[in-house]
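Notes for the one structure printed next.
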Amino acid sequence: LTPGDDPRLHGPQVHGYLRMTDGSLRDITVYNPSTTWGEGELVSTVDDLFAFQQALFSGGLLPPRALDKLCTLPPAEVRMWKDGSPARYSMGLQTATVNGVTFWGKTGEMYGYRTR
């Protein structure tokens with residue numbers, strides 16, 4: 001689904017909330033996130049995201065060489081901008097290691113929503 005100029009989500013959806021400076025929460029589900037350039041022009045379901053991830057990492061979307069590049073981090077001397085730690089982003093994905101297991105994915109957030 002690409003919403004275009006219509007900020008409303010039609011059908012069932014999760015509402016987005018923004019914490020205000022006074023601590024209250026404001027429902028901002030009807031908000032056009034494209035005011036910050038291209039953000040928000042794709043709306044999906046958890047099932048569709050899972051199917052996309054399965055197809056991507058099983059080689060169903062990209063040739064092997066492209067998938068290898070997608071999962072290759074920059075050289076060790078490339079550092080993250082804020083904290084100076086080693087780069088964790090490749091060509092659109094990021095990596096994290098938890099309890100010795102390496103995960104690839106992409107976090108994201110916009111007003112009212114966040115993925116991790």
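The values are calculated or read from the model by the stated rules, or taken from the named source; none is laboratory data. Here the structure is a predicted model, which is why all the values come from computation and not from measurement. Quick reminder, even Gly has a Cβ in these numbers, built from the backbone with ideal geometry, and neighbours come from all protein chains shown.
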The range 11-24 residues that are under 14 Å from Tyr111 (Cα atoms), paired with ones that are of a type in the set (A, V, I, L, M) and outside any strand (DSSP E or B) (beta carbon under 9 Å, 6 or more apart): His15/Ile28; Gly16/Ile28; Tyr17/Ile28; Leu18/Ile28
Leading residue by the ranking (nearest to Phe52 (Cα to Cα)) among those in the range 66-110 that are among the hydroxyl-bearing types (Ser, Thr, Tyr) and surrounded by fewer than 10 Cβ atoms within 10 Å (Cβ to Cβ): Thr107
Residue, modelled with the highest pLDDT, within the range 25-44, restricted to residues that are surrounded by 12 or more Cβ atoms within 10 Å (Cβ to Cβ) and within 24 Å of Gly105 (Cβ to Cβ): Val43
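Of the residues that sit in the range 74-94 and are assigned to a strand (DSSP E or B) and more than 19 Å from the chain's Cα centre (by Cα), which one is farthest from Phe57 (Cα to Cα)?
Filtering the range 74-94 down to residues assigned to a strand (DSSP E or B) leaves 79, 86, 89, 94.
Going one step further and asking which of them are more than 19 Å from the chain's Cα centre (by Cα), we end up with 79, 86.
Values: Arg79: 26, Pro86: 24 Å.
Only one residue tops the list, namely Arg79.
Looking at the range 45-65 only, could you name the residues that are surrounded by 10 or more Cβ atoms within 10 Å (Cβ to Cβ) and more than 30 Å from Pro12 (Cβ to Cβ)?
Residues of the range 45-65 surrounded by 10 or more Cβ atoms within 10 Å (Cβ to Cβ): 45, 48-57, 59-62.
Passing the criteria: Gly59, Leu62.
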Qualifying residue in the range 45-56 (condition: under 14 Å from the mean Cα position of the chain (by Cα) and among the β-branched types (Val, Ile, Thr)): yes
Given (1) over 16 Å from the mean Cα position of the chain (by Cα); (2) at pLDDT below 70; (3) part of a helix (DSSP H, G or I), number of the condition Asp68 does not satisfy: (2)
